[in-house]
Amino acid sequence: METSRQWPDRVGILALEVYFPRTCVNHTELETFDGCSAGKYTIGLGQTNMGFCTDREDIHSLCLTVVQNMFDRGVARPDEIGRLEVGTETIVDKSKSVKSVLMQLFAASGNTSVEGIDTTNACYGGTSALFNAAAWIESSAWDGRYALVVAADIAVYASGNARPTGGAGAVAMLLGPNAPLALERGMRGTHMEHAYDFYKPDLSSEYPVVDGRLSIQCYLTAMDKCYQRFGSRTDKKQLTLDEIDFACFHSPFTKLVQKSYGRLMLNDFLRDPSPNTSSGKYAGLESFLGRKLEETVFDKDVEKAFLKASKPMYDERVGPGTLLGTQVGNMYTASLYGSLASLLALKKPEQLVGKRIAMFSYGSGLASSLYSFNVSSDVAAVAKLTTSVSHLPKMLESRTKVPPAEFAKMMKLREETHHLAPYKPVADIDLLYPGAYYLASVDDKHRRQYERKAGGTSRLENGQD
Ligand code: ACO
């Protein structure tokens, strides 16, 4: 491992570990149960299944599981970690960090010298944690050890139109120099603003207050701003989608990702439609020339036309990254990194080497960034990374599909027992993946005790109990 005091090369992601709950509800069944028109969740929102946690899992257990699974895989030992950052908006304690809970996993190694703490702003906390960890490695404070970033959340909504856009999951990322996925220097566009589009003012509830339409407007407008800044270069030549090999998005629901990519093409088109109109890639879009970007957010004609025009590129460059978003749902801070893991799981190392992966991160309230990774040209290094997530499709298949009525009951139980102390969770341990940590009890002082289900990563990969 590099220990020199020079600015290290290729700082970025060395390894990834993904965890999501084993229980899910099917969106077609949910449409019927909710009494809405067939296709609303599946076609309208682009969703297939939604992962959810029973009362056995909370933010601590999700993070304990994903970090221990990464250690079990042998990619790094606890004593090799010098910084641990957690990005989450799932708060069970207003003072004690999730990171401090994770320090239990370091106790046996004797390593208590671990900087970093939690970062919160809706779905953006994971990205901020990643930027902080990378900045530490590039700083004079770096001591040569790895940084570990955990993005994790439980996304649940009150019953109603936002509920089908829930989900849950955790992604752990090991950061260091000489990484197969290196953060591209200078390739970052950020937009921050005050908005009440989605927020959690009721500290006794897991549910947010959401203005759905405003949240979509904020998301798309923030993306426009980030794209303009991300792509602006000193040579005055704005970067275009042609120079982005793959793109991952924060995914509240997959249809928004499709619309977002189409909108990036709209950005390119309005900035420079020539010479691609009439015979080129913008053929048929001439009627949109001269439109003002800010007036097109909810313009259905524009949206449809650019969705269609961008579809071939979307299918190749974005579609593979939507696996977990479609199958698990919104994982809030983990959503963007679940998209990255999906892309790595579905593409062959040879298709990834030397490529640019753009990453759009959005957190309501609001904070957003568009940045990129350069994939190493070393096939073996990339293959090592993709192997660590290649089991994800199998892991998805081994889930238990719970009927919507049972799911609704579980949501009600979570509602009634959230912050209850003392409390003994009741859900069946059999519903968890092997190796998952789970909440065993909460005592009268709100202290949470966790246990781990037997079995490790190899059984998890095979979907075995
Ligand atoms: N068949 C096919 N499509 C259908 C059908 C049907 N039977 N019925 C409706 N649709 C389409 C609609 O036309 C609409 O598509 P469009 O937006 O492309 O026109 C889509 O399904 C959704 O229908 P709406 O009526 O717009 O849905 P609703 O208003 O009930 O809720 C919303 C959608 C706002 C996304 C809600 O789920 C929500 O508030 N979610 C949480 C907020 C959110 O995720 N925001 C995104 C960014 S912020 C974040 O990440 C939290």
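The values are calculated or read from the model by the stated rules, or taken from the named source; none is laboratory data. Everything quoted here is computed from the prediction, not taken from an experiment. Cβ placement follows ideal geometry from the backbone for every residue including glycine, while neighbour counts extend to all protein chains displayed. The area values use the complete protein model at the heavy-atom level, side chains included, leaving out ligands, DNA and RNA. Shrake-Rupley method; radii C 1.70, N 1.55, O 1.52, S 1.80 Å.
Residues to consider are Lys355, Lys409, Lys384; find the one that is charged (D, E, K, R) and under 30 Å from Ser215 (Cβ atoms). Spell out the reasoning first.
On the way: Lys355 fails: under 30 Å from Ser215 (Cβ atoms); Lys384 fails: under 30 Å from Ser215 (Cβ atoms).
None of the others qualify; the one that does is Lys409.
Which of the residues spanning the range 242-280 are assigned to a loop (DSSP other than H, G, I, E, B), at negative phi and open to solvent by 50 Å² or more (accessible area, probe 1.4 Å)? Please lay out each step first, then the result.
Let us first name the residues in the range 242-280 that are assigned to a loop (DSSP other than H, G, I, E, B), namely 244-245, 250-253, 272-280.
Still in the list and also at negative phi: 244-245, 250-253, 272-277, 279-280.
Scanning the range 242-280 gives Asp272, Ser274, Pro275, Ser279.
Cβ-Cβ distance below 6 Å, separation of 6 or more or different chains: which pairs start in the range 110-127 with a residue that is open to solvent by 60 Å² or more (accessible area, probe 1.4 Å) and end on one that is among the acidic types (Asp, Glu)?
From residues that are open to solvent by 60 Å² or more (accessible area, probe 1.4 Å), the pairs are Thr120/Glu89.
Determine whether Tyr196 is within 14 Å of the ligand (Cβ to nearest atom), part of a loop (DSSP other than H, G, I, E, B) and open to solvent by less than 40 Å² (accessible area, probe 1.4 Å).
Numbers: within 14 Å of the ligand (Cβ to nearest atom): yes; part of a loop (DSSP other than H, G, I, E, B): yes; open to solvent by less than 40 Å² (accessible area, probe 1.4 Å): no.
No.
Can you tell me how many residues in the range 68-107 are open to solvent by less than 10 Å² (accessible area, probe 1.4 Å), among the polar types (S, T, N, Q) and not in a loop (DSSP other than H, G, I, E, B)?
Residues flagged as open to solvent by less than 10 Å² (accessible area, probe 1.4 Å), among the polar types (S, T, N, Q) and not in a loop (DSSP other than H, G, I, E, B) within the range 68-107 amount to 1.
Being open to solvent by less than 50 Å² (accessible area, probe 1.4 Å), closer than 18 Å to Ala405 by Cα and within 15 Å of the ligand (Cβ to nearest atom) is the filter here, so list the residues in the range 26-47 that pass it. Give the steps one after another, and end with the answer.
Looking only at the range 26-47, we keep the residues that are open to solvent by less than 50 Å² (accessible area, probe 1.4 Å), and these are 26-27, 30-31, 36, 39, 41-42, 44-47.
Applying the additional criterion that residues be closer than 18 Å to Ala405 by Cα yields 26-27, 30-31, 36, 41.
Within the range 26-47, His27, Leu30, Glu31, Cys36, Tyr41 qualify.
Answer with yes or no whether Ala158 is of a type in the set (Gly, Ala, Ser), within 16 Å of the ligand (Cβ to nearest atom) and touching a Cys at 6+ places or on another chain (Cβ under 6 Å). First the steps, then the outcome.
Values: of a type in the set (Gly, Ala, Ser): yes; within 16 Å of the ligand (Cβ to nearest atom): yes; touching a Cys at 6+ places or on another chain (Cβ under 6 Å): no.
In short, no.
Residues checked against (1) away from the ligand (no atom under 16 Å from the Cβ); (2) among the polar types (S, T, N, Q); (3) out of contact with any Asp or Glu (no Cβ under 7 Å at 6 or more places or on another chain):
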{"position": "Gly82", "(1), (2), (3)": "yes, no, no"}
{"position": "Ser97", "(1), (2), (3)": "yes, yes, no"}
{"position": "Leu102", "(1), (2), (3)": "yes, no, yes"}
{"position": "Ala108", "(1), (2), (3)": "yes, no, yes"}
{"position": "Thr112", "(1), (2), (3)": "yes, yes, yes"}
{"position": "Glu115", "(1), (2), (3)": "yes, no, yes"}
{"position": "Thr119", "(1), (2), (3)": "yes, yes, no"}
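Which of (1) in a loop (DSSP other than H, G, I, E, B); (2) under 23 Å from Leu181 (Cβ atoms) is the odd one out, the single condition Ala283 does not satisfy?
(2)
Of the residues Ala380, Ala405, which single one is closer than 26 Å to Thr90 by Cβ and assigned to a helix (DSSP H, G or I)? Let's see the steps before the verdict.
Values: Ala380 fails: closer than 26 Å to Thr90 by Cβ.
Selected residue: Ala405, the only one of Ala380, Ala405 that is closer than 26 Å to Thr90 by Cβ and assigned to a helix (DSSP H, G or I).
Each row is one residue, and each column tells you yes or no for (1) open to solvent by 10 Å² or more (accessible area, probe 1.4 Å); (2) among the hydrophobic types (A, V, I, L, M, F, W, C); (3) free of Cβ contacts under 8 Å to residues at least 12 places away in the same chain.
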{"site": "Thr322", "(1), (2), (3)": "yes, no, no"}
{"site": "Thr333", "(1), (2), (3)": "no, no, no"}
{"site": "Val353", "(1), (2), (3)": "yes, yes, no"}
{"site": "Ser364", "(1), (2), (3)": "yes, no, no"}
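Does Tyr337 satisfy the condition of being outside any helix (DSSP H, G or I), crowded, with 23+ Cβ neighbours inside 10 Å and within 13 Å of the chain's Cα centre (by Cα)?
Spelling it out, it is not the case that Tyr337 is outside any helix (DSSP H, G or I), crowded, with 23+ Cβ neighbours inside 10 Å and within 13 Å of the chain's Cα centre (by Cα).
Part of a helix (DSSP H, G or I), out of contact with any Leu (no Cβ under 7 Å at 6 or more places or on another chain) and either more than 16 Å from the ligand (Cβ to nearest atom) or more than 22 Å from Gly74 (Cα to Cα) (or both) - does that describe any residue in the range 355-373? Walk me through how you get there before you give the answer.
Initial filter on the range 355-373 (part of a helix (DSSP H, G or I)): none.
No: zero hits.
Say we look at the range 366-386 and pick out the residues that are free of Cβ contacts under 8 Å to residues at least 60 places away in the same chain and surrounded by 13 or more Cβ atoms within 10 Å (Cβ to Cβ); which of these is nearest to Ser335 (Cα to Cα)?
Thr386
Just to be sure before I move on: is Thr112 hydroxyl-bearing (Ser, Thr, Tyr), touching a helix residue (DSSP H, G or I) at 6+ places or on another chain (Cβ under 8 Å) and within 20 Å of Met331 (Cα to Cα) in the structure I sent?
So Thr112 does not fit the description; no.
Would you check which residues across the range 200-248 are within 10 Å of the ligand (Cβ to nearest atom) and over 18 Å from Tyr371 (Cα atoms) and list them?
Across the range 200-248, the qualifying residues are Pro208, Val210, Asp211, Gly212, Arg213, Leu214, Ser215, Ile216, Gln217, Cys218.
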